[in-house]
Ligand SMILES: Cc1ncc(COP(=O)(O)O)c(C=O)c1O
């Protein structure tokens, strides 16, 4: 048999199936209460609006171009819609600054490819979005912990990168309602990050996949908006903002986007020409059709449902979790992040939880670039109703209490 590993490129050695994904395959059982998937509730998809959109496309003269190849930048009316939408949160740009991707996941792949030579350093929060690590891994970077309280000097980052033979290229983070913690980065930390990026002369990749899912609290301007305000225009910024229709409309259409200065956009367009030519023409048209007719109403509808589920999860955690555990209180997004007492292992707990309590979550270790902090759990509240959330957390609280008692 051919020894494939022998002829694969070295970068492929960093592409590995996670043990967690294997564990999560066990979840295809109907009686499991799952807080594992970080996905939107399909009951909330605007399916009727999409049905109308596709019917309109197929009954119009547009059908030929909707089924045809199209430009790599993306469908112009959709880019115009996005430019208007991000302007509402202070991101002043032209439609030319908007580039359509096949989901925002593709943006992460392209940005990894654009910035990272082997051994360069990507700064990421500890923990960070697992899918970003998977996307960047193919470009063989090293990771360093992005500290958001300003307690590391630019020299410290530079020295660490030099020791591993490369340069710091970017800081990647979600400022609003991160995956996995649900947390928001405060204004002072956003400003500090911009100052750090200036000193290090690096890009900031702002992943705004959950931007529209705020349930309460004051909205804080995106890092991109602060950068534009400081620099007097998008062309002088160092932030690259990625967004998505996956969490608001539907992920199956695979439509996301990047907003950035033109030198970045021009490179992304060349990369897309080489990778997949363009994102699905008809799906971009359908997204624009649905967004321009009812985006705000759709966002209001999902916010109302998810915020109740967030409240239900926090109330249940207060009620059933032992006091030695702590958790985040997110103002938006889809996740609550639980930290168990030191020494406990989320992966072991998951195996027990599926077997005895029929409750699933994601062990937190996978979200750390260095595989640390095994005592953490990511709990998603997006797909379970309030009664299921109460029951699931009740069972999990029982399991955690027993595990703590046994360990004592
Ligand atoms: C933080 C974050 N970024 C990006 C993505 C990718 O989403 P999509 O490719 O569907 O836009 C996800 C998906 O869960 C995410 O949580």
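The values are calculated or read from the model by the stated rules, or taken from the named source; none is laboratory data. On a predicted model such as this, the values are computed, not experimentally measured, just so you know. Glycine gets a Cβ as well: all are built from the backbone with ideal geometry, and neighbour counts include every protein chain shown.
Some notes on this structure:
- Looking only at residues of the stretch 80-109 that are more than 16 Å from the ligand (Cβ to nearest atom) and surrounded by 21 or more Cβ atoms within 10 Å (Cβ to Cβ), we find that the one that is nearest to residue 165 (Cα to Cα) is 97.
- Scanning the stretch 66-111 for residues that are closer than 14 Å to residue 267 by Cα and either out of contact with any strand residue (DSSP E or B) (no Cβ under 8 Å at 6 or more places or on another chain) or modelled with pLDDT under 95 (or both) turns up 72, 96, 109.
- Candidates are the residues of the stretch 25-61 that are in contact with a helix residue (DSSP H, G or I) (Cβ under 7 Å, 6 or more places away or on another chain) and part of a helix (DSSP H, G or I); the one that is surrounded by the most Cβ atoms within 10 Å (Cβ to Cβ) is 53.
- Inclusion of residue 148 among residues that are assigned to a helix (DSSP H, G or I), closer than 26 Å to residue 168 by Cα and over 16 Å from the mean Cα position of the chain (by Cα) is not warranted.
- Of all residues in the stretch 369-382, those that are modelled with pLDDT of 95 or more and out of contact with any helix residue (DSSP H, G or I) (no Cβ under 8 Å at 6 or more places or on another chain) total 1.
- Qualifying position, being within 11 Å of the ligand (Cβ to nearest atom) and assigned to a helix (DSSP H, G or I), among 135, 162, 156: 135
- The listed residues are 150, 112, 74, and the only one of them that is without any contact (Cβ under 8 Å) to a residue 60 or more places away in the chain and within 15 Å of the ligand (Cβ to nearest atom) turns out to be 112.
- Test: residue in the stretch 106-123 that is under 20 Å from residue 182 (Cα atoms) and in a loop (DSSP other than H, G, I, E, B): no
- Scanning the stretch 288-296 finds no residues that are part of a helix (DSSP H, G or I), within 30 Å of residue 391 (Cβ to Cβ) and within 16 Å of the ligand (Cβ to nearest atom).
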